[in-house]
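Student: One structure is given below, represented as structure tokens, and several questions about it will come after.
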Amino acid sequence: KSTNRNPRSTVGTVTEIYDHFRLLYARIGIPHCPNCGKEISRQSVDQMVDQVMLLPEGSRIQVLAPVVRGKKGRHEKALERAQRAGYVRVRIDGILHDLSEEITLDKNIKHDIEIVIDRLVVRPDITRRLTDSIESALALTEGLLQGEIVERAGEKTEGEGEAAETGKRVGKARTADRNILQFSQSFACPDCGISIPEIEPRSFSFNNPFGACPECAGIGYKMEFDPQLIIPNPKLSINEGAIAVLGWQSCMQSGSFSNAVLVALAKRFKFSLDTPYEELPQKVQDLLMYGTDVSVDVHYTGQRGSGVYPVAFEGLIQNTERRYRETFSEASKQQYEEFMQITPCKACGGRRLRPESLAVTVGGLNIHEMTCMSIGALREFLQKLELTSTQQMIGQQVLKEIRARVNFLMDVGLDYLTLARATGTLSGGEAQRIRLATQIGSGLVGVCYILDEPSIGLHQRDNDKLLRTLKNLRDMWNTVIVVEHDEDTMRAADYIIDIGEGAGIHGGRVIAQGTAKEIMKVKESVTGQYLSGKKRIPVPATRRKPSGYLTVKGAAVNNLKHIDVKIPLGIMTVVTGVSGSGKSSLVNEILYKRLAKELNHARIIPGAHDDILGMEQLDKVINIDQSPIGRTPRSNPATYTGVFDMIRDLFAGTQDAKARGYSKGRFSFNVKGGRCEACSGDGIIKIEMHFLPDVY
């Protein structure tokens, strides 16, 4: 079974390790302020009282309730409420005021307002009063509190009366003083005033609105128009058709409005439309891509006559984005999407989560940094992870589960993958082994596992790891049935059933069954003859000579380390290596995409490389991959290979067909007139049963 192509699916979510990480971070994670990075914690009233009582005896303190923090306005209601509640003093922007006096604030300036709840001298007998004062302050401010040490024991600072008189001099200096104690009953940064919501496992899920980045909805990237696709061949000039994007094909025709705009821009900013795009100055390239605020006079003759129109050119990207947004045609949208490229979300930088969730750490790393480590590095990190005794007690079980699952991924040879890797980018072999690791992690017993060719795409080294894993499943008291042609798997099996002899109508019989040794003795078994060595695939005595070479220079996608590769032409070449070594990156991401772009004029961007030499020896490239063919129920081998077209031509050419005036469409089950209208050419009728499965 191929992997989930959903962009939200990652190695971490498929193996369920990410779910355990979410629980771990929710229970033992240390929250920080997403703005300043300062560690923040929730404090109970008792903890706040204890912290104040640690001050030297005789210190003078005042308990303040910050009711307004950096907000514009007159705040008359806040002051009125404080007066009605029986409070006498208030501090506004660092200056003490009496609430009985008339206070008028400038509504255009940001203000800080703190109500003076109580003034105390630290002594052992003030605990009760201090508790009441703190509770009063918390009730006024939704859990925030400020304690100010006016004078420490044995220290002389200016007195309160003096401070009130010289308030204008003191200003805001006192609020930045070392004598300020900040407390918060919720997870809130006392310095920035940023609150973070209650930390729960869903706070770390990019599939849940509580945790996902609001900009990209947790996908981590956006589809955006790419300059390289808008101008695929920078060697051409604008007049030669450098701009390939939809809606700008007419810019080469004199008389079109888009051409008039470009002519006006060229005149105003002194560049030529006949200069190859890559030779234009960077300023001009930026101007064409991203536009300008400067208006240019566009001389245009249309159906309604001539005129000069002032136009501020918005740029190719913004213009195309607007057209894409405004079109109602799905076909047009798909055509525009050919010029788009996936780019990381600007808000989260591809990290998928809200800043508040990314500000929670375990062992100094946030959940994204943790899942971006390779499985091997992650195992090492988890082994060395140092936690406090409380964290250890809470997280012990979760960590045990995470470590076990990480070890299973190591056992199947996936130590180079990361948990943040999208499952859509995995090869077939990697996907199979991830499913196996998940099954071992689930620890089920008494289950019948059926695997269809699990060795697909595996290197022989990884094959051994796969077989160890399958034996592990068996040793947990499970039944493992494998459909396979692989020699190593057959030799490792406890029992083999050989079905044959040939394919199609020539097959369907049990030829032999038993252990590998028993099957080797059965003469009728082709499998047994190959296992025993009686039959073998001969190694060619002579090899074909290459007719030329393709040379890839500086390949640097994923794991490739800026390598040069010579690929011979005119012969069959195998690219091999262990899983994750970079084979697919080289062949699919660089070689195929570059050849498709140059030879087939495909709108794709190849992976990072310096150049490919020798492309002139080829005239086209065809990619045959593992994706399923014929996605419609009316697709069959005859239609897919094109044979059915010839069969229809044959029937349309008969005398009966000509006498009746039948064209080849009369023999097609895809068009009206040929197909059965009762089922629209599907051959089956689907009846929706709503809450029951559909009936065919």
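The values are calculated or read from the model by the stated rules, or taken from the named source; none is laboratory data. As the structure is a computational prediction, the values presented were derived from the model and not from experiment. Every residue, glycine as well, gets a Cβ built from its backbone with ideal geometry; the counts of neighbours run over all protein chains shown. The protein model used for the area step is the full one, side chains on, heavy atoms only, and it has no ligands, DNA or RNA in it. Shrake-Rupley method; radii C 1.70, N 1.55, O 1.52, S 1.80 Å.
Student: Return a yes/no flag: does the range 349-360 have any residue that is in contact with a strand residue (DSSP E or B) (Cβ under 9 Å, 6 or more places away or on another chain), modelled with pLDDT under 90 and aliphatic (A, V, I, L, M).
Tutor: no
Student: Among the residues in the range 73-91, are any among the charged types (D, E, K, R) and under 45 Å from the mean Cα position of the chain (by Cα)?
Tutor: Taking every residue of the range 73-91 in turn, none turns out to be among the charged types (D, E, K, R) and under 45 Å from the mean Cα position of the chain (by Cα).
Student: Out of the residues in the range 118-132 that are touching an Asp or Glu at 6+ places or on another chain (Cβ under 9 Å) and open to solvent by 10 Å² or more (accessible area, probe 1.4 Å), which is farthest from Leu55 (Cα to Cα)?
Tutor: My answer is Asp132.
Student: Would you mind listing the strands (runs of 3 or more DSSP E) fully within the range 40-108 where at least 1 residues are within 19 Å of Ile134 (Cβ to Cβ)?
Tutor: 60-72, 89-92
Student: For the range 247-272, which positions are out of contact with any helix residue (DSSP H, G or I) (no Cβ under 7 Å at 6 or more places or on another chain), within 19 Å of Asn319 (Cα to Cα) and at pLDDT below 85?
Tutor: Of everything in the range 247-272, just one residue is out of contact with any helix residue (DSSP H, G or I) (no Cβ under 7 Å at 6 or more places or on another chain), within 19 Å of Asn319 (Cα to Cα) and at pLDDT below 85, namely Gln249.
Student: Could you say whether any residue in the range 595-611 is more than 29 Å from Asp226 (Cα to Cα), open to solvent by less than 40 Å² (accessible area, probe 1.4 Å) and among the small types (Gly, Ala, Ser)?
Tutor: Looking for residues that are more than 29 Å from Asp226 (Cα to Cα), open to solvent by less than 40 Å² (accessible area, probe 1.4 Å) and among the small types (Gly, Ala, Ser), one finds none in the range 595-611, hence no.
Student: Here's another thing I want to ask about it. Criterion first (touching a strand residue (DSSP E or B) at 6+ places or on another chain (Cβ under 9 Å), in a loop (DSSP other than H, G, I, E, B) and aliphatic (A, V, I, L, M)) does Ala260 satisfy it?
Tutor: For Ala260, the condition - touching a strand residue (DSSP E or B) at 6+ places or on another chain (Cβ under 9 Å), in a loop (DSSP other than H, G, I, E, B) and aliphatic (A, V, I, L, M) - is not met.
For (1) within 12 Å of Leu419 (Cβ to Cβ); (2) out of contact with any strand residue (DSSP E or B) (no Cβ under 6 Å at 6 or more places or on another chain), each residue gets a yes or a no:
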| site | (1), (2) |
| --- | --- |
| Val14 | yes, yes |
| Phe21 | yes, yes |
| Arg27 | no, yes |
| Gly37 | no, yes |
| Ile40 | no, no |
| Val45 | no, yes |
| Met48 | no, no |
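Student: Which residues, counting only those in the range 642-671, are of a type outside the set (A, V, I, L, M) and closer than 23 Å to Ile684 by Cβ?
Tutor: Answer for the range 642-671, where residues must be of a type outside the set (A, V, I, L, M) and closer than 23 Å to Ile684 by Cβ: Phe644, Arg648, Gly665, Arg666, Phe667, Ser668, Phe669, Asn670.
Student: Which residues, counting only those in the range 507-525, are over 11 Å from Ile497 (Cα atoms), in contact with a strand residue (DSSP E or B) (Cβ under 8 Å, 6 or more places away or on another chain) and among the aliphatic types (A, V, I, L, M)?
Tutor: Val522
Student: Moving on to the next point. Among the candidates Ser237, Ser250, Ser203, which residue alone is small (Gly, Ala, Ser), over 19 Å from the mean Cα position of the chain (by Cα) and more than 12 Å from Tyr277 (Cβ to Cβ)?
Tutor: Ser250
Student: Against the conditions (1) surrounded by 11 or more Cβ atoms within 10 Å (Cβ to Cβ); (2) more than 38 Å from the chain's Cα centre (by Cα); (3) of a type in the set (A, V, I, L, M), where does Ile537 fall short? Just the number, please.
Tutor: Failing condition for Ile537: (1).
Student: Please work out which residue is least open to solvent (accessible area, probe 1.4 Å), limiting yourself to the range 506-518 and to residues that are assigned to a helix (DSSP H, G or I) and out of contact with any Leu (no Cβ under 8 Å at 6 or more places or on another chain).
Tutor: Glu518
Student: Which one of these is among the aromatic types (Phe, Trp, Tyr), crowded, with 17+ Cβ neighbours inside 10 Å, in contact (Cβ under 8 Å) with a residue 60 or more places away in the chain and closer than 30 Å to Leu64 by Cα: Phe204, Phe187, Phe225?
Tutor: Phe187
Student: Now for a separate question. I'm told Ser205 meets every condition in (1) modelled with pLDDT of 85 or more; (2) over 23 Å from His32 (Cα atoms) except one. Can you identify the failing condition by its number?
Tutor: That leaves (2) as the condition not met.
Student: Which residues, counting only those in the range 574-603, are touching a residue at least 24 places away in the same chain (Cβ under 8 Å) and either touching a helix residue (DSSP H, G or I) at 6+ places or on another chain (Cβ under 8 Å) or among the acidic types (Asp, Glu) (or both)?
Tutor: Residues satisfying the conditions are Thr576, Gly577, Val578, Ser579, Gly580, Glu589, Leu595, Arg603.
Student: What about Gly673, is it of a type in the set (Gly, Ala, Ser) and free of Cβ contacts under 8 Å to residues at least 12 places away in the same chain?
Tutor: yes
Student: I'm trying to understand the selection: among the residues of the range 386-404, which are hydroxyl-bearing (Ser, Thr, Tyr) and either on the phi > 0 side of the Ramachandran plot or not in a helix (DSSP H, G or I) (or both)?
Tutor: Across the range 386-404, the qualifying residue is only Thr388.
Student: Same structure again: Hey, can you tell me all the residues within the range 575-605 that are assigned to a loop (DSSP other than H, G, I, E, B) and either within 19 Å of Glu616 (Cα to Cα) or modelled with pLDDT of 95 or more (or both)?
Tutor: Residues satisfying the conditions are Asn600, His601, Ala602.
Student: So which of Ile402, Ile434 is under 30 Å from Thr527 (Cα atoms) and aliphatic (A, V, I, L, M)?
Tutor: Only one candidate qualifies: Ile434.
Student: Quick check on Ser258: is it polar (S, T, N, Q) and under 27 Å from Glu338 (Cα atoms)?
Tutor: Considered against the rule, which asks whether it is polar (S, T, N, Q) and under 27 Å from Glu338 (Cα atoms), Ser258 comes out as yes.
Student: Right, something else. Can you find a residue that is modelled with pLDDT of 90 or more, open to solvent by 40 Å² or more (accessible area, probe 1.4 Å) and within 16 Å of Gly413 (Cβ to Cβ) anywhere in the range 471-481?
Tutor: Within the range 471-481, one or more residues are modelled with pLDDT of 90 or more, open to solvent by 40 Å² or more (accessible area, probe 1.4 Å) and within 16 Å of Gly413 (Cβ to Cβ).
Student: Looking at (1) open to solvent by 80 Å² or more (accessible area, probe 1.4 Å); (2) under 30 Å from Val526 (Cβ atoms); (3) part of a helix (DSSP H, G or I), find the lone condition where Gln383 falls short.
Tutor: Condition not satisfied by Gln383: (2).
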